[in-house]
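Okay, so here's the structure we're looking at.
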Amino acid sequence: MTVLTVTDPASGRVVREVPAAGPDEVTATLDRAQQAFASWRERTVAERAEVLRAVAEHLREHTEEYAPLMTQEMGKPITEARGEVGKAAWCAEHYAEHAAEYLADEHIASDATESWVQYLPLGPVLGILPWNAPFWLALRFAAPALMAGNTCVMKHDPHVPGCAQALEAAFTAAGAPAGVFQALVTTTENTERAIRDPRTRAVSFTGSDRAGAVVASVAASEIKPAVLELGGSDPFIVLADADLSQAAKVAAQSRIINAGQSCIAAKRIIVERSVHDEFVELLTEELAGLVMGDPAQETTQVGPIAREDLRENLHRQVTASIEAGATCVLGGELPEGDGWFYPVTLLTGVDDSMTVCTEETFGPVAAVVAVDDAEAAISLANDTPFGLGAAIWTETGRGTAMARRIEAGQVSVNGIVKTDPRLPSGGIKRSGYGRELGPHGIKEFVNAQQVWVGPSTA
């Protein structure tokens, strides 16, 4: 029997050991999901909404139980963890409120007496999710899929089994029918088995582009739809006419949320040369004031890196960039002591050949690149294999016009790049395909069935 070992990244101590589901349990889980689908699909949207609202209420009422699980298993600062539980609840509430509108039949004129498209569920959907936002990503995946009439099997990252089990327990406590939402606590090796199982009708994956390519290949070989939300090397463009003070505040916030371990964090900060020095001074002030420490403490703003190997890779990226000529303004050195902490780091003098530009950095490392003008900023922003999110700081009309030229799934003008249940989220290029959230996300895992009724009266 394989056991999943959970290590607290703030201390390096083992805090939990959980037996991993084997092949037989994988099969049994998918069988329950298929059985539950037969009745869940027949429920009205209003009836499904009652369940999702109950889940949201339960999450809010038990925030102080669930938030510490994230802090313990992946090092999220407790204040951020509480916010994540609330955001997960909001997602459930949003789809409970708007699913009927999003899934309404679309009547289309044709040569029929009447013709329309109706949105029908597919069946059990497998969600393969990462460790960095275990509650939010679970509801981002599950809420739209469930409201569309599908059932959900969530295969969470092996490093957050406690969070996974808590999520299933939350659905059970809220009165969700058995088998509608299940946590499949298993190893990565068993994931292919779950994708290929004929009862799995679709796959949602959030994670690295390398792992996403494998998942996409397996799903495609079984002719199953997939949505992929993968990595990013998100540009944060600051032009000379920007509000530099506000841009610096938001850049710092975007870079250090979850200790910088976010796909949509600002990673390449591209600044027009005429305001570069002033902006760097403002950004340095914002970053230098952040408190790194025990994520269980209320005052902590930057927690540890989730795993030791991730910290080592981050330090490799920083060191290689410094050796290539970047200037380290803040941080850049591995701290002594327990846990896998990495200091808030600011690199300037960065160019597009350096590692912090060519690779995704998953940690509190800000890389500033100076460019001559807006055209150069756009060119550099698009010079990446990724295309997830981007931010532009400039006069509003100019920014919205520039957004059309940015190769990314979402662009924020004078604001932070974030996910919102009301708006579609996803990437292009190696950042994935398909959309989650908003009216677009709920239609990813449905049968858009055309209905034609004749004879024509025309």
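Counting pairs of alpha carbon atoms under 8 Å apart in space and at least six apart in sequence, what relative contact order in percent does the range 204-287 give?
Working: 94 pairs, mean separation 25.6, N = 84.
Relative CO of the range 204-287 lands at 30 percent.
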ILE305 long-range amide H proximity, modeled H, under 5 Å: TRP340, PHE341, TYR342
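Which FRET efficiency value, to the nearest 0.05, is calculated for HIS440 and THR327 with the Förster distance at 45 angstrom and r the Cβ-Cβ distance?
Plugging the Cβ-Cβ distance into 1/(1 + (r/R0)^6) gives 0.60.
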Set of aspartates and glutamates near LYS418 by C-alpha distance (under 19 Å), chain-local residues within fewer than 8 positions excluded: GLU80, GLU84, GLU93, GLU229, ASP234, GLU360, GLU407, GLU436
Cα-projected label distance for VAL451 with GLN165, points at 7 Å along beta-carbon direction, nm: 4.5
Under 5 Å, built H, 5+ apart or other chain: amide partners of GLY127: VAL153, MET154, LYS155, SER204
Viscosity 0.890 mPa s, temperature 25 °C, Stokes-Einstein D of the chain from Kirkwood C-alpha radius, µm²/s: 107
Separation between Cα centres of the range 134-149 and the range 5-44, rounded to whole Å: 15
Rg in Å to one decimal, and Dmax rounded to a whole Å, for the range 328-458 via C-alpha atoms: 20.8, 80
On Cα atoms only, tilt of 23-40 relative to the major axis of the chain in degrees: 60
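Give the average over all directions of the projected area of the C-alpha convex hull of the range 141-272, one decimal, in nm².
Working: hull surface 42.8 nm².
Taking a quarter of the hull surface, the average projection is 10.7 nm².
Average projected area of the Cα convex hull of the range 1-137, in nm²?
Values: hull surface 46.1 nm².
Seen from a random direction, the Cα hull of the range 1-137 projects 11.5 nm² on average.
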In degrees, nearest ten, helix 161-173 long axis to first principal axis of the chain (Cα): 40
In the range 365-458, trypsin sites (Lys or Arg not before Pro) in a DSSP loop with at most 10 other beta-carbon atoms within 10 Å: ARG404
Footprinting exposure proxy for HIS62, HIS159, HIS98 (fewest neighbouring C-beta atoms within 10 Å first): HIS62, HIS98, HIS159
Virtual paramagnetic centre 7 Å along Cα→Cβ of SER274, amide N under 18 Å, in the range 381-395: 393-395
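Sorted from fewest to most neighbouring beta carbons within 10 Å, what does the list TYR95, TYR119 look like? Display every interim value, and only then the final one.
On the way: TYR95 29, TYR119 19.
Least crowded to most crowded, the residues run TYR119, TYR95.
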The chain - percent relative contact order, Cα under 8 Å, separation 6 or more: 19
Alpha-carbon radius of gyration plus Dmax, which is the widest Cα pair, for the range 38-85 in Å: 14.7, 41
Estimated distance in nm for a label pair at ASP243 and ALA46, the labels positioned 7 Å out from Cα along Cα-to-Cβ: 4.4
0 to 90° range, to nearest 10: angle between helix 308-323 axis and the chain longest Cα axis: 40
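Restricting everything to alpha-carbon atoms, can you work out Rg to Rh for the range 235-422 with a Kirkwood hydrodynamic radius?
Working: Rg = 15.6 Å, Rh = 16.5 Å.
So for the range 235-422, dividing Rg by the Kirkwood Rh gives 0.95.
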Cα gyration tensor of the range 287-381 - equivalent ellipsoid semi-axes, whole Å, descending: 26, 15, 11
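What net charge do the residues around LEU137 carry, taking every other residue with its C-beta under 10 Å from that of LEU137, with Lys and Arg at +1 and Asp and Glu at -1? Can you show the working numbers first?
Working: positive: ARG140; negative: GLU84, ASP157, GLU229, GLU436.
Around LEU137, the surrounding residues sum to -3.
Express in nm, to one decimal, how much length is gained between ARG405 and THR79 on full extension, taking 0.36 nm for each residue of separation and deducting their alpha carbon distance.
On the way: separation 326, 0.36 × 326 = 117.36 nm, distance 3.64 nm.
That works out to 113.7 nm of additional length.
At a Förster distance of 30 Å, what's the computed FRET efficiency of ARG398 paired with ALA104, Cβ-Cβ distance as r, to 0.05? Don't skip to the end; give the middle numbers.
Details: r = 37 Å, r/R0 = 1.24.
Working from the Cβ atoms, E equals 0.20.
Give me CYS328, CYS91 sorted ascending by neighbouring Cβ count inside 10 Å, so fewest comes first. Intermediate results must be reported in sequence, preceding the final value.
Numbers: CYS328 16, CYS91 30.
Final ranking by Cβ density, sparse to dense: CYS328, CYS91.
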Loop-resident sites, the range 15-45, for GluC sites (Glu not before Pro), counting at most 10 other Cβ within 10 Å (DSSP): GLU42
Nearest-0.05 FRET efficiency for GLU65 and ARG196, computed from C-beta distance (R0 35 Å): 0.45
Segment ASP352-ASP420, extension gain: residue separation times 0.36 nm, minus the distance between their alpha carbons: 21.4 nm
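So, with +1 on the Cβ of K and R and -1 on the Cβ of D and E, and no other charges, what is the size of the charge dipole of the range 305-457 about its Cα centre, to the nearest 20 debye?
Value, rounded to 20: 900 debye.
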Whole-Å distance, taken between Cα centres, linking the range 252-272 and the range 349-380: 12
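Throughout, read-outs are computed from the coordinates displayed, never taken from laboratory work. Quick caveat: nothing in here was measured; it's all calculated off a predicted structure. Every residue, glycine among them, receives a Cβ derived from its backbone with ideal geometry; neighbour counts consider all protein chains shown.
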